[in-house]
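**Student:** Please read through the structure below; I'll follow up with questions.
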Amino acid sequence: MLRLVSLKLGRLYRYVKLAVLGSLAAALVLNTHSLLASLQRNELSERRFLQLNKCPACWGTSWCRKFLNGQLRLESWGRLRLLDFFNVKNVYFARYGEPREGSRRVVLKRLGSAQELADIDTKICRRATGRGRCDLLQALPATEFASLNGDVRLLTPGAVEGWSDLVHCPSQRLLDRLVRRYAETKDSGSFLLRNLKDSERMQLLITLAFNPEPLVLQSFPSDEGWPFAKYLGACGRMVAVNYVGEELWSYFNAPWEKRVDLAWQLMEIAEQLTNNDFEFALYLLDVSFDNFAVGPRDGKVIIVDAENVLVADKRLIRQNKPENWDVWYESKFDDCDKEACLSFSKEILCARVTVDHNYYAICQNLLSRHATWRGTSGGLLHDPPAEIAKEGRLEALLDECANPKKRYGRFQAAKELREYLAHLSNNVR
């Protein structure tokens, strides 16, 4: 009976798949003329496609000259608007050309789905006029995004606290860093908010409120060793970042030696974001195989989705000494039925100096047997060689890192796991 049901479901899946492909093929045939036209023209040089008319309710304008001059072109399939139905996240791959440097691949992001971007407009209109639709340019001056005018000296925690994960518990030191490193202004380098133009201040605040990923990439840049993709610039509601490589998921069945090296790098990232000389703890609230990519040449693991990063200032925590601030915090294991589950309290992340959240997130969602993604289980370190499986140390460390049995067990397991993976990696190179 079960076999009969599975066969029927399999046939149904094939029929649905064929129907979708058939519909797509029909649409391609019926729209051949418009498709050819779209393949020939460069939409990245069109103000409407970039939604430049939305500015300053946009992400910036620093790369507009490059976009409008035709230096960026969508890669072949990215030019077909019919495929936008499948591109829910609005992420595009393009070629960027410089006269002296040649062409290179970049990633373009709208920082939200079509519905999420429409919601931004609606929220701005409702805040300004009480209605869902309005003239954005006329409405913006009546919102909090325009309240910090040229007379305001600093961007303060009280003005933006809780707007997004990045500023769930901001310190003045963090906000000064955001303003000083803001790349969508010609006068970057100053932490004084009043040095920004009115439009630049609104762009900064809107980005901070709706999707702060560009600000994370700017404030903790790859050029200084942070494990994030490099921010390049923006035009309207399109942001450009460097192309890193294939997503981590494509390495799920890579040779064991490669997976060991990638796992070691992931644990090193967890350590760097948790403990660094700047005393900013960057906690990853969304950890999945799609949020990391691997460089094809250097094999380096990089975070390519930084929207959900909470930054806690350890100096401020030590200064304010909230309740239990110096008690080590252990994240609770979440054995849920969904993919990429994480259990955390933002308030606790903001109030403790010593937190194991990043180790927990990497071990549970990427490395251990508890990691599930796209119908698979076993994590990145699945099916180890017989001698390693027989020894049992790797499995024990992964289990203790994901779901500790001892008090503060995850802290010790994460340390030992980093050392053990480094040992294995050195042995296989």
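**Student:** Carbon and sulfur: what percent of the stretch 190-304's accessible surface (1.4 Å probe)? Write out the running numbers ahead of the final one.
**Tutor:** Values: 1710 of 3680 Å².
Answer for the stretch 190-304: carbon and sulfur cover 47 percent of the accessible area.
**Student:** Using the Cα centre as the reference, give the magnitude of the dipole from point charges on the C-beta atoms of the stretch 246-427 (Lys, Arg: +1; Asp, Glu: -1; all else neutral), rounded to the nearest 20 debye. Mind showing how you got there, number by number?
**Tutor:** Numbers: 22 positive and 31 negative charges, 88 e Å.
The calculated dipole for the stretch 246-427 is roughly 420 debye.
**Student:** Any chance you could tell me what percent of the C-alpha pair distances in the stretch 246-427 go past 30 Å?
**Tutor:** Numbers: 2549 of 16471 pairs.
Considering the stretch 246-427, 15 percent of its Cα-Cα pairs are separated by more than 30 Å.
**Student:** Could you give the radius of gyration (one decimal) and Dmax (whole number) of the Cα atoms in the chain, in Å?
**Tutor:** 23.7, 74
**Student:** Which residues in the stretch 233-255 place their backbone N less than 12 Å from a point set 7 Å from the Cα of residue 383 along the Cα-to-Cβ direction?
**Tutor:** Hits in the stretch 233-255 for residue 383 at 12 Å: 252-255.
**Student:** If you count, for each residue, the other Cβ atoms within 10 Å and average over each peptide, how do 383-395, 363-375, 42-54 line up from highest to lowest?
**Tutor:** Working: 383-395: 12.3, 363-375: 21.6, 42-54: 16.7.
Final packing ranking: 363-375, 42-54, 383-395.
**Student:** Around residue 239, what is the net charge, scoring Lys/Arg as +1 and Asp/Glu as -1 over all other residues with Cβ under 13 Å from its Cβ?
**Tutor:** On the way: positive: 66, 89, 109, 110, 230, 237; negative: 184, 213, 305, 307.
After counting each charged neighbour, the total is +2.
**Student:** Sticking with this structure for a sec: Can you work out the accessible area per residue across the stretch 246-427, with the rest of the protein chains kept in place, probe 1.4 Å, in square angstrom? Please report the intermediate quantities before stating the final value.
**Tutor:** Details: 8440 Å² over 182 residues.
Each residue of the stretch 246-427 exposes 46 Å² on average to a 1.4 Å probe.
**Student:** Through the Karplus equation 6.51 cos²θ - 1.76 cosθ + 1.60, θ set to phi - 60°, convert the phi angles of the stretch 362-370 into ³J(HN,Hα) values in whole Hz; use x for Gly and Pro.
**Tutor:** Rounded to whole hertz, the list is 5, 5, 5, 8, 10, 9, 8, 5, 7.
**Student:** Next question. Tally Lys and Arg at +1 and Asp and Glu at -1 over the other residues with C-beta under 13 Å from the C-beta of residue 294: what net charge comes out?
**Tutor:** Counting the neighbours of residue 294, the net charge comes to -1.
**Student:** Another question about this same structure. Could you check the spin-label model distance between residue 91 and residue 268? Points 7 Å from the Cα along Cα→Cβ, value in nm.
**Tutor:** So the label points at residue 91 and residue 268 sit 2.3 nm apart.
**Student:** Over all alpha-carbon pairs of the stretch 163-269, lay out the pair-distance distribution in 10 Å bins, whole %, shortest bin first.
**Tutor:** Percent of pairs per bin, in order: 13, 39, 28, 15, 6, 0.
**Student:** Let me ask something additional. Relative to 2.2 N^0.38 Å, what does the C-alpha radius of gyration of the stretch 90-225 come to as a ratio? Two decimals please. Intermediate values should be presented prior to the final figure.
**Tutor:** Details: Rg = 16.4 Å, N = 136, 2.2 N^0.38 = 14.2 Å.
Compared with the compact-globule rule of thumb, the stretch 90-225 sits at 1.15.
**Student:** A follow-up question, please. Find out how many positive minus negative residues lie around residue 319, taking Lys and Arg as positive, Asp and Glu as negative, among other residues whose Cβ is under 13 Å from that of residue 319. Could the numbers behind the result be given before it?
**Tutor:** On the way: positive: 173, 314, 315, 318, 321; negative: 279, 313, 326.
That sum, taken over residues with Cβ under 13 Å, equals +2.
**Student:** What percent does the relative contact order of the chain come to when contacts are Cα pairs within less than 8 Å and at least six residues apart?
**Tutor:** Contact order relative to length: 13 percent.
**Student:** From largest to smallest, what semi-axes in whole angstrom does the stretch 238-310 give when each is the square root of 5 times an eigenvalue of its alpha carbon gyration tensor?
**Tutor:** On the way: eigenvalues 89, 53, 25 Å².
Ellipsoid half-lengths, sorted descending, are 21, 16, 11 Å.
**Student:** Taking 0.36 nm per residue of separation and subtracting the Cα-Cα distance, what length does fully extending residue 339 through residue 197 add?
**Tutor:** Details: separation 142, 0.36 × 142 = 51.12 nm, distance 4.31 nm.
Gain on stretching residue 339 to residue 197: 46.8 nm.
**Student:** Sorting check: for 251-261, 186-196, which peptide has the highest mean count of neighbouring beta carbons within 10 Å, and how do the rest follow?
**Tutor:** Working: 251-261: 17.5, 186-196: 15.3.
Averaged packing, sorted descending, gives the order 251-261, 186-196.
**Student:** Answer rounded, prolate or oblate for the stretch 93-167, using the Cα gyration tensor with square roots of eigenvalues a ≥ b ≥ c: rounded when a/c is under 1.5, else prolate when a/b is larger than b/c, else oblate.
**Tutor:** On the way: a/c = 2.29, a/b = 1.63, b/c = 1.41.
Taking the square roots of the gyration eigenvalues as a ≥ b ≥ c, the stretch 93-167 is prolate.
**Student:** What helices in the chain pass both tests, a Cα length along the helix axis of 15 Å or more and a mean Kyte hydropathy of 0.0 or higher, using whole DSSP H runs? Please list the in-between numbers first.
**Tutor:** Working: long enough: 2-30 (42 Å, 1.23); 114-129 (22 Å, -0.48); 198-210 (18 Å, 0.45); 256-274 (27 Å, -0.33); 409-428 (28 Å, -0.61).
Helices meeting the criterion: 2-30, 198-210.
**Student:** May I ask you to derive the relative contact order of the stretch 117-193, considering only C-alpha pairs under 8 Å and at least 6 residues apart, and to give it as an integer percent? It would help to have the intermediate numbers written out before the result.
**Tutor:** Working: 77 pairs, mean separation 14.9, N = 77.
With pairs under 8 Å counted, the relative contact order is 19 percent.
**Student:** Calculate for the chain the 222 nm mean residue ellipticity that helices alone would give, adding -39,500 (n - 2.57) per DSSP H run of length 4 or more and normalising by residue count, nearest 500 deg cm²/dmol.
**Tutor:** Details: 17 runs with 172 residues, N = 429.
Taken over the chain, the calculation gives -12000 deg cm²/dmol.
**Student:** While we're on this one: Between Rg and the Kirkwood Rh of the stretch 373-423, both from Cα atoms, what is the Rg to Rh ratio? Mind dumping the intermediate values first?
**Tutor:** Values: Rg = 11.7 Å, Rh = 11.8 Å.
Here Rg/Rh amounts to 1.00.
**Student:** How big is the equivalent ellipsoid of the stretch 134-214 along its three axes, where each semi-axis is √(5λ) from the Cα gyration tensor, reported in whole Å from largest to smallest?
**Tutor:** Numbers: eigenvalues 67, 48, 28 Å².
Here the semi-axes work out to 18, 15, 12 Å.
**Student:** Let me ask something additional. Which whole-number percent is the relative contact order of the stretch 246-427 (Cα, under 8 Å, 6+ apart)? Let's see the in-between values first.
**Tutor:** Numbers: 291 pairs, mean separation 42.0, N = 182.
In percent, rounded to a whole number, it is 23.
**Student:** Now for a different question. Between the alpha-carbon centers of the stretch 310-381 and the stretch 231-264, tell me the distance in whole angstrom.
**Tutor:** About 22 Å separates the Cα centre of the stretch 310-381 from the one of the stretch 231-264.
The values are calculated or read from the model by the stated rules, or taken from the named source; none is laboratory data. Model, not experiment: these values are computed from the prediction. Methodologically, a virtual Cβ is constructed for each residue, glycine included, from the backbone with ideal geometry; neighbour enumeration extends over all protein chains shown. The area values use the complete protein model at the heavy-atom level, side chains included, leaving out ligands, DNA and RNA. Shrake-Rupley method; radii C 1.70, N 1.55, O 1.52, S 1.80 Å.
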